[in-house]
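Scroll down for the structure; my scribbles are underneath it.
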Amino acid sequence: MTEHENLLTQLPEAQPATPSGAGFARWAIWLLPITALVIAFWVGYQAWRDAGVTVSVRFPTAAGIEAGKTRVRYKEVEVGRVTAVTLDPALDQVVVTLSINRDVARHLRADARFWVVKPRVTARAVTGLETLLSGAYITFDPGKNGARQSHYQGLNEPPLVSAEGGGKRFVLTSRTVAPLEVGTPLYFRGLAVGEVVGAALDPEGTLRVSVFVRAPYDEQVRVGSRFWVQQAARVEIGGRGIVAEVASGLALLHGGIAFDWRPPWGDAAQAQEGHLFPLYANMQEAENPAPEFRLIFRLRLPEGVSGLYPRTPVFFSGFEVGQVLGVLPRFDERTERVSPEVWIEVWPERLDLPKEEARVQAIFAAWVKEGLRAQPKPMSLLTGQKMIDLVFVPRAAPAELVWEGGYPTFPALPAAFDEVARTVTQLATDLRDAPWKELVTELRDAAHGLRALLDAQDPRSAPRQLRSVLQRTDRLLAGLERAPQEVMSTLAQVRETLATLENLTASLAEDWGEQGVPRAQLQAVLQSTQRAARAVELLAEALARHPESLIRGKAR
Amino acid sequence: MPPRFVTATMLGWARCDHCGAINRRVTRDRCRCAVCGATLPRVEETAQERRVVWALLLAAFAFYFPANLLPVMTVANLGRSEPSTLIGGVIHLYVVGSWGLATIVLVASVLIPFAKMVVLGFVLWVSGTRRRRWQPVAVRWLRWIAWLGRWSMVDVFVVALLAAWVQFGEIAAITPGAGTLAFAAVVVLTMVATERFRPRWLWWESDFDGT
Ligand SMILES: [Zn+2]
């Protein structure tokens, strides 16, 4: 130790070094925390800018919404996300907290509307695989007025206005179920011009469908326009024959709503935004809508009747005034028989009756006292379709409207039409088997003969041919003596024409050798013959296509 | 009043940190060890040294906030990218019920780095004011944070490892976020600051060298 203590006196001397830094270097160290602060602030500012603005929206349910996963999109661009989903204190709503990009949130106004968009897989399209993976998302309409709020009430369904670029919203109401969903297209004369943007049932059970029609087609929506459900394809076999309706284009795949306007439908003024229109179940109904005001009657038929279905028409003095609502079997305790109970609705407006229920009921009650009865009758004998005819029966057994269970029972007569049906079926067979083709061929031959006459070849064959046509027409007319007036008169006209022609050509042929036949005269004969051939052809075609026109007259 | 203790400087000596040789000072300014040539700090350099430590500490503190609030990593999963922050991760863990794990992450990644900075700041303050009462406490804490320092980079390594492992393109990928850089900066700056702090500053009197 002492040895080492001595060493302290011989310590090595420290060597000079470069002097330590000047004033600047000593303070330069503060640049480090300053730089760090600047970086931290800058990064923090960026994070703050990207983090977004927090907005809470109340929804009735959080179905499909997941905190941290559900996105907020605007025009299909992701602008934020759901950060939290909580229940409100009263447990009746869900509070969804959204974080929306700052520069987007800047545009939110007090009347901004938020709603949930759920991915839809429709016949139209599968909306992107990424939509299937990402699930529902929240979107919004930024609104126009007021300052941004921190709390909003979300919409239960997408709002009515879903498209920018102009257009109008309308509301369609329907009492029947329509196979509609948001996005169902709206057609105007086959062109898709809008879509369904929402559908809801109001408290009275009326379906209210909100539709949006894009500009400029919104101008085509008139006050008197009619909207109907366009099914992909519809075939209805009824008293009016076979009605086939095939939609065009996209509607063929998944149906849609069509609208149109025609002069008899009323006001041609442009409909205002939000105008209410009834939605008809199909085009027929739209063209001939059942009035809102109706009376419901019950008919008790004494025996079973086939061919009565819902929508079977009810006629009164030749006017279609209603339809069958339904047919139910009813067991009669007293007679131990099952008989049909037919419910019908009658539209008094169709008879120009007042729109007052009490008065109309009184009128009907009086008519029943005077002998008005309901009777099922054949409508189309070929298809077996029936109708209910309200007829005044002279010297009818006295009857009254009987009120039971809130509805009046209308006295009914048993249906009786089998005899007529048989006759008409026979007639139809006769007509179908009639030698239409031969008749047309012979008429054509006659026309050829006349042309030959005109071309100054052998003139003598023409009258002969015409005579054979005439004979065949006579035979046809004899076979069809029970045919309806219209068929008979057409054929009679043809026959008359032919007879005239025969006389004319015969006399022409006689004079042939002596002097030149006036060409104009021959020309007229030729044309008449051709017209006759055409008339027969049309008649045959019409009968083949619309056999029911035999009974009900010419197809409308 | 005689000093409580005697230091090499007070005797006009300077101990070389590198080789341990005691040099005789010929100048109060910076000089070099006669044995190994290492720089011997000048006597008045203490204040500057402390400034450096303060600067490092403040820089670390500045980075502390982005480290906690910025995403430390972004997990991309089936086209969905989920940036996760430290605080967010803790909250998430707590919400899903893993409060134990939440506590571990909270303590290890949030509280301890903060505690280290606070302790270092406290020690620096004590060394400046020379309150004797606090000196034993301060030096004990200082040793404690120096010991903790070696574990501080665990979070950064975890992120680095995950980022290296989980790279499956679109299906799943983890990318380190800005938060990791900030966190690394906090850890490194705190470590360097702790390293630069000389515990002897706590004991030195202001005019120990007799000036
Ligand atoms: Zn040395």
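Data table
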item	result
Cα-centred dipole magnitude for segment B:1-41, charges only on beta-carbon of K, R (+1) and D, E (-1), debye, nearest 20	80 debye
For segment A:135-150, Karplus couplings with θ = phi - 60° (6.51, -1.76, 1.60), whole Hz, Gly/Pro x	x, 5, 9, 10, 10, 7, 10, x, x, 10, 10, x, 8, 5, 9, 9
Under 5 Å, built H, 5+ apart or other chain: amide partners of A:Leu172	A:Val209, A:Ser210, A:Val211, A:Phe277
Ascending count of other beta-carbon atoms within 10 Å, so fewest first, for B:Arg42, A:Arg81	B:Arg42, A:Arg81
Per-residue Cβ neighbour rank within 10 angstrom, fewest leading, A:Glu76, A:Glu341	A:Glu76, A:Glu341
Burial ranking of peptide ranges B:84-90, A:312-318 (average Cβ count within 10 Å, highest at the top)	B:84-90, A:312-318
Isotropic mean projected area of the C-alpha convex hull, segment B:1-41 (nm²)	3.1 nm²
Fewest-first ranking of A:Ser306, A:Ser174, using other Cβ atoms within 10 Å as the exposure measure	A:Ser306, A:Ser174
Residues whose placed amide H lies under 5 Å from that of B:Ala38, excluding near-sequence neighbours	B:Cys33
In sequence order, calculated HN-Hα J values of segment A:94-104 (Karplus, 6.51, -1.76, 1.60; Hz; x Gly/Pro)	10, 9, 9, 9, 10, 10, 10, 3, 4, 6, 7
Entries in A:Lys168/A:Lys355; A:Lys118/A:Lys168; A:Lys69/A:Lys144 that, when Cα-Cα distance is taken, lie over 26 Å	A:Lys168/A:Lys355; A:Lys69/A:Lys144
Using θ = phi - 60° and Karplus 6.51 cos²θ - 1.76 cosθ + 1.60, couplings along segment A:337-345 (whole Hz; Gly, Pro as x)	10, 9, 9, x, 10, 9, 9, 10, 10
Local electrostatic count, A:Ala374, Cβ distance below 15 Å [Lys/Arg +1, Asp/Glu -1]	-1
Placed amide H near A:Arg330: partners under 5 Å, 5+ positions off or other chain	A:Ser339, A:Glu341
Fraction of alpha-carbon pairs over 16 Å apart in segment A:295-420 - percent	61 percent
Proximal lysines relative to A:Lys377, as straight alpha-carbon distance under 22 Å, when same-chain residues fewer than 8 apart are discounted	A:Lys369, A:Lys386, A:Lys554
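The numbers here are math on the coordinates, done by the rules we state, and not lab data. Remember, predicted model here, so these are calculated numbers, not experimental data. Cβ sites come from the backbone with ideal geometry, for glycine too, and all protein chains shown count toward neighbours.
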